[in-house]
1. Among the residues of the stretch 1-13, are any in contact with a Ser or Thr (Cβ under 7 Å, 6 or more places away or on another chain), more than 29 Å from Trp224 (Cα to Cα), buried (at least 23 other Cβ atoms within 10 Å of the Cβ) and modelled with pLDDT under 95?
2. Residue by residue through the stretch 270-298, note down the ones that are modelled with pLDDT of 90 or more and of a type in the set (Val, Ile, Thr).
3. Take Leu350 and decide whether it is among the aliphatic types (A, V, I, L, M) and surrounded by 15 or more Cβ atoms within 10 Å (Cβ to Cβ).
4. Looking at the stretch 451-473, which of the residues that are more than 35 Å from the chain's Cα centre (by Cα) and charged (D, E, K, R) is least open to solvent (accessible area, probe 1.4 Å)?
5. What are the residues in the stretch 106-120 that are of a type in the set (Gly, Ala, Ser) and buried (at least 24 other Cβ atoms within 10 Å of the Cβ), if any?
6. Collect the residues in the stretch 329-365 that are part of a helix (DSSP H, G or I) and touching a strand residue (DSSP E or B) at 6+ places or on another chain (Cβ under 7 Å), keeping them in residue-number order.
7. Looking at the stretch 157-209, which of its residues are polar (S, T, N, Q) and assigned to a loop (DSSP other than H, G, I, E, B)?
8. With Pro438, Pro448, Pro382, Pro409 as the choices, which residue is out of contact with any Ser or Thr (no Cβ under 6 Å at 6 or more places or on another chain) and open to solvent by less than 70 Å² (accessible area, probe 1.4 Å)?
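The values are calculated or read from the model by the stated rules, or taken from the named source; none is laboratory data. All figures in this text were calculated on a predicted structure; none of them were measured in a lab. Glycine gets a Cβ as well: all are built from the backbone with ideal geometry, and neighbour counts include every protein chain shown. Heavy atoms of the whole protein, side chains included, go into the accessibility calculation; ligands, DNA and RNA do not. Shrake-Rupley method; radii C 1.70, N 1.55, O 1.52, S 1.80 Å.
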Amino acid sequence: MSKVPYWGWLCALAVLTVLRIAATAWLPLTPDEAYYRVWALAPAAGYLDHPPMVAVFIRLGMALAGDTACGVRLLGPVSAALGSLFLALATRRWGLSRGLGASQATKAGIQAAVLLNGTLALGVGTILITPDTPLLFFMALFLWSLTGLLQSRLGWWWLIVGVSAGLGFTSKYTAILPVAGLCLWLLVFASGRMWLKTIWPWLGGLCATLCLAPVVWWNAHHGWASFLKQGGRAGDWHPNKIVTYFGELLGGQIGLATPGIFLFFVMGAVVLFRQKDAISRVYTCMIAVSAAVFIQHAFGARVQANWPVVLYPILCMAATLPAWRWWKAASSFGAVLVALVIGQALAAPLKLSPHFDMTLRQMGGWAELGPMLDVQLPEHQPLIADEYGLAAELAFYAPTSRPVVAVEPRWALFALQPSACTEGYLIRSHRRHDEPDPAMFTVLEHLPDVARARRGVVADTYSVYKVRLQCTASGQGQDAVLLPRHS
């Protein structure tokens, strides 16, 4: 391995990681991040929206850096750095197996990692923690172990392949797609079927099953809630909307990957499909199966832009195949876009409306909203929210002396303290365009509206109601729980 560029890249990655950690401490939590923080403080083997790994990452980060924004996000930059290293090593192994020299293989590995870090998906997703954060790490580990297996032909690698695949599934269910591509290769190609005659892939499958078993167990004991929520749209079929949905899918990937890197992804996949070696065929199957599922889904429903992120590590590996020398320019352009997004979130140099500025809509003014409500509301009664993100933000940013009650059916799946049937102040975004549900609240008084703003630009406005929670037979609030407060 060529040590000079390799160690230089490692130093650059270390500096980038430190800068990312610093940004995590300064940026306010988004509603989803605040919601995932509640997951971490209510440990479970599953949750309605996703598997539990993002909560595990947050809990580990909080153990190191406390119940702070930095603690919630700490493992994002750390896992991105480690995942980048695994991806570089995997690409280097693949290059060596294709006959590249050590220097060329090392350069290819660095290129794949730099391209991945140049995407908005990782550049911003590293700082804001989501289920994609652990997913990308375990997908990089999966590719590293799979490439090691196929290059060395040592069966014990299957154990690491199985563990990384299982942990990827406990991060986000889309991890099953590249794993399905691996299974297709095992069944269709002779080089894959040879492995099925040994015990190793079966042991790898057992490792994966053991990793994902808690998620299955949780779903089995909660009405398969998470599986139904995420898989319930698979059968949708609206081919008349394919142009709209496919256009959104394509546009979302150009945006998240950034335009230059997206071109590398496309051409890399084209070149990859022409390769005949075993490793390339495995990668081809993984991309093809995943892409087929996303395209099929676009015939029936909207494909969220972040779903195909599961393929970004392998696409970055494929992107090293085209003989294009401007990969540094493409990555640099992506890094500039990431810096602009983070800079806008930190300093808001552009006074944009929330319709055009997602950083304002997602992060602006949360730290000021909770204390402002505490001062303006006359009685020291709970703050109540019937939207999970708003409730989680209030639980993190409102003064700890005032309880925060979340009211929504989803909270019944959490091991949280039920709220008593009490009075309090219901906060509701004007984007809801409806009135409080009478099955959950009795409205006693409508108080003046409040605004959430950053540097004078309003991110959202809220109605404030004095309400009494509707009671259940046991004397508790209907679908109401007390959220853990910021410590």
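1. Taking the stretch 1-13 as the starting set, the residues that turn out to be in contact with a Ser or Thr (Cβ under 7 Å, 6 or more places away or on another chain) are 1-2, 5-6, 13.
Subset that is more than 29 Å from Trp224 (Cα to Cα): 1-2, 5-6, 13.
From what's left, buried (at least 23 other Cβ atoms within 10 Å of the Cβ): none.
Checking the stretch 1-13: not a single residue is in contact with a Ser or Thr (Cβ under 7 Å, 6 or more places away or on another chain), more than 29 Å from Trp224 (Cα to Cα), buried (at least 23 other Cβ atoms within 10 Å of the Cβ) and modelled with pLDDT under 95.
2. Result: Val270, Val271, Ile279, Val282, Thr284, Ile287, Val289, Val293.
3. Values: among the aliphatic types (A, V, I, L, M): yes; surrounded by 15 or more Cβ atoms within 10 Å (Cβ to Cβ): no.
No: the conditions fail for Leu350.
4. Lys466
5. Restricting attention to the stretch 106-120, the residues satisfying the condition of being of a type in the set (Gly, Ala, Ser) are 108-109, 112-113, 118.
Scanning the stretch 106-120 gives Gly109, Ala112, Ala113, Gly118.
6. First, pick out the residues of the stretch 329-365 that are part of a helix (DSSP H, G or I): 329-347, 358-363.
Result: Leu360, Arg361.
7. Taking the stretch 157-209 first, the residues polar (S, T, N, Q) are 164, 170-171, 174, 191, 198, 209.
If the condition is that a residue be polar (S, T, N, Q) and assigned to a loop (DSSP other than H, G, I, E, B), then Thr170, Ser171, Thr198 are the ones that fit.
8. Working: Pro438 fails: open to solvent by less than 70 Å² (accessible area, probe 1.4 Å); Pro448 fails: open to solvent by less than 70 Å² (accessible area, probe 1.4 Å); Pro409 fails: open to solvent by less than 70 Å² (accessible area, probe 1.4 Å).
Answer to the check: Pro382.
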